[in-house]
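Q: If you scroll down you'll find the structure; I have some questions about it.
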Amino acid sequence: MKADLIVGLQWGDEGKGKIVDLLAKSYDYVTRYQGGHNAGHTIVVDGKKLALHLVPSGILNPKAINIIGNGVVISPEALLKELKQFDSIDGKLFISNKAHLILSYHAAIDQAKEKQRGENAIGTTGRGIGPSYSDKISRSGHRIGELLDTQTLAKKITEQLNENKAYLDSLGVAIPSFDSLKEELELYKKELSKFIIDTTDVLWKALDSQKRVLLEGAQGTLLDIDHGTYPYVTSSNTIAAGACSGTGLNPKEIGKITGIIKAYCTRVGNGPFPTEDFGSDGDLIAKNGHEFGTTTGRKRRCGWFDAVAAKYACRLNGCDDVAIMKLDVLDGFKTIKVCVAYEIDGKRVDTMIGDVTKAKPIYEEFAGWDKVKGVKEWKDLPENAKKYIKHLEKLMGVKVSLISTSPDRNDTIFLGNEE
Ligand code: IMP
């Protein structure tokens with residue numbers, strides 16, 4: 001058995017939550033492999049709003065086991081807050097003992113460094129994601145498994161922070177006392193120990209016993225630490241390859257890879273965004289698409305579909321198929337634009353390889369349509385919307401298998417071989 005994977009193809013916020021929620025029903029295990037509580041989506045169940053940041057979306061499926069893999073960075077404080085929303089999750093959630101901790105000083109460092117960067121700020125979520133991954137890579141981080149011995153962990157952390165006192169002072173970040181830190185870690189140990197385990201072993205056994213495993217990517221391809229718009233990226237490998245290092249599954253154990261992409265583009269935070277629309281079209285997309293961050297509430301920058309970036313993302317991830325989200329948000333536009341190439345220093349460029357800071361979009365224009373919202377079958381889509389989808393499919397070189405026409409689970413078109 002192989003694990004299937006879902007990955008965002010843009011700068012995050014592609015609507016992965018709806019897809020994972022839709023698919024979670026048919027999987028026995030749902031696993032997060034990177035990122036932390038910088039991610040977020042809201043799911044409405046029986047009229048109750050649930051905010052998910054760290055917990056995999058399979059938590060809403062009574063049968064699924066949810067795994068937070070070793071590649072994730074975990075704020076126990078944020079996780080405990082999130083877990084309060086659920087009645088009982090014992091036996092339904094496992095956390096890798098190798099996942100790294102985010103403590104409050106990580107968030108304080110993140111925010112202080114952003115302030116220091118001034119106009120070059122990355123626009124991080126301020127959750128401490130970068131500082132925690134920095135500690136991990138520089139081999140001075142702390143793993144969740146270490147919570148089982150809080151005395152040693154508190155000692156290690158306070159010693160390490162004191163060694164870096166001058167630097168932390170310069171950022172205005174306070175060092176917690178040993179006692180307060182130990183007390184905090186004790187609480188996390190008490191509440192979380194029952195979930196901490198070697199999750200690689202759990203996943204191997206799941207696949208060996210023919211269980212269905214879904215790997216849930218967070219953020220998006222263009223925020224990948226290596227292949228995104230560096231340095232305006234997050235600090236993890238968001239692409240499909242990150243699922244291997246972030247879980248312990250080997251590349252041969254990954255099966256179907258589905259890319260999730262919006263019918264237009266958005267980005268939160270700073271950094272290049274070739275198709276950003278600064279005029280009324282961008283504003284209308286933001287308004288119709290409710291493009292405000294779930295985690296930080298920030299307004300997202302909006303613009304047209306970037307087929308150059310989409311093709312790059314499909315190749316990086318090895319997508320077998322693509323799900324197009326929020327097509328209904330384009331309802332009512334007279335003309336819809338798609339970026340098919342960039343102009344960089346006067347030259348036409350049709351790949352995203354290289355720096356896109358100076359890229360200007362070269363657009364093709366499509367006639368718009370009136371009503372896609374709520375459509376459930378391909379045959380009921382307006383002809384212009386069908387043409388748009390078929391064209392995106394051609395530009396990306398990957399088959400579109402699903403179209404979402406509203407946030408509602410039921411407003412989804414599943415595609416076979418429609419012409
Ligand atoms: P960080 O992950 O908080 O370090 O933020 C780095 C960049 O990634 C910033 O531009 C954030 O806005 C962006 N980012 C992080 N998580 C998400 C997400 O879940 N959706 C969209 N953008 C994100």
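Quick note: the coordinates plus some simple rules give every number you see, no bench work behind them. If you're wondering where the values come from, they're calculated on a predicted model, not measured in any experiment. Cβ coordinates were reconstructed from backbone atoms using ideal geometry, including for glycine residues, and neighbour counts include every protein chain displayed.
Q: Enumerate by residue number the trypsin sites (Lys or Arg not before Pro) in the range 1-88 meeting two conditions: DSSP loop (anything except H, G, I, E, B), and at most 10 other Cβ atoms within 10 Å of the site's Cβ.
A: Qualifying residues, ordered by number: K84.
Q: Then there's this: Rounded to whole Å and ordered largest first, report the semi-axes of the equivalent ellipsoid of the range 71-129 derived from its Cα gyration tensor (root of 5λ).
A: 29, 12, 9
Q: Can you pull the percent of Cα pairs in the range 173-313 with separation above 24 Å?
A: 53 percent
Q: I would also like to ask the following. Assign unit charges at the C-beta atoms only (+1 for Lys and Arg, -1 for Asp and Glu), then state the dipole size of the chain relative to its Cα centre in Debye, rounded to the nearest 20.
A: With Lys and Arg at +1 and Asp and Glu at -1, about 220 debye.
Q: Another question, then. Convex hull over the Cα atoms of the chain, averaged projected area in nm²?
A: Hull-based average projected area comes out at 20.4 nm².
Q: For the chain, what does -39500 (n - 2.57) per DSSP helix run (n ≥ 4), summed and divided by total residues, give at 222 nm, in deg cm²/dmol to the nearest 500?
A: It lands at -9000 deg cm²/dmol.
Q: Among K189, K334, K262, which one shows the biggest mean-square fluctuation in a GNM of the chain, springs joining Cα atoms closer than 10 Å?
A: K334
Q: Given a cut-off of under 8 Å on Cα pairs at least six residues apart, what relative contact order in percent is computed for the chain?
A: Relative CO of the chain lands at 19 percent.
Q: Against the longest principal axis of the chain, how steep is helix 307-317, in degrees 0 to 90 to the nearest 10, with axes from Cα atoms?
A: 50 degrees
Q: Among DSSP beta bridges lying fully in the chain, give the percent that are antiparallel, nearest 5.
A: Approximately 40 percent, going by the DSSP bridge assignments.
Q: Now, a different point. Compute a Gaussian network model of the chain, connecting alpha carbons closer than 10 Å, and tell me which residue from S96, S138, S236 fluctuates the most.
A: Ranking S96, S138, S236 by mean-square fluctuation puts S138 first.
Q: Which angle between 0 and 90 degrees, to the nearest 10, do you get for helix 178-192 versus the longest principal axis of the chain when only C-alpha atoms count?
A: Approximately 60 degrees, to the nearest 10.
Q: Something else: Taking every pair of alpha-carbon atoms in the range 124-169, what share in percent sits in each 10 Å bin, from 0 to the bin with the longest distance?
A: 24, 51, 24, 1
Q: Can you sort R212, R117, R348 from fewest to most other Cβ atoms within 10 Å of each residue's own Cβ?
A: R348, R117, R212
Q: Can you list the lysines whose alpha carbon sits under 29 Å from that of K347, skipping same-chain ones fewer than 8 residues off?
A: Straight-line reach from K347, under 29 Å: K262, K311, K337, K358, K360, K387, K390, K394.
Q: Please list the non-local residues whose amide H lies under 5 Å from the amide H of M325, H modeled 1.01 Å from N, same-chain partners needing a gap of 5 or more.
A: Correct list: I261, K262, A263, S404.
Q: When all alpha-carbon pairs of the range 291-356 are counted, what percent fall beyond 14 Å?
A: The proportion of pairs with Cα distances above 14 Å equals 71 percent.
Q: Below 10 angstrom from the Cβ of K2, what's the summed charge of the other residues (Lys, Arg +1; Asp, Glu -1)?
A: +1
Q: May I have the convex hull volume per residue, in Å³, for the Cα set of the range 160-213?
A: In the range 160-213, the Cα convex hull volume per residue is 137 Å³.
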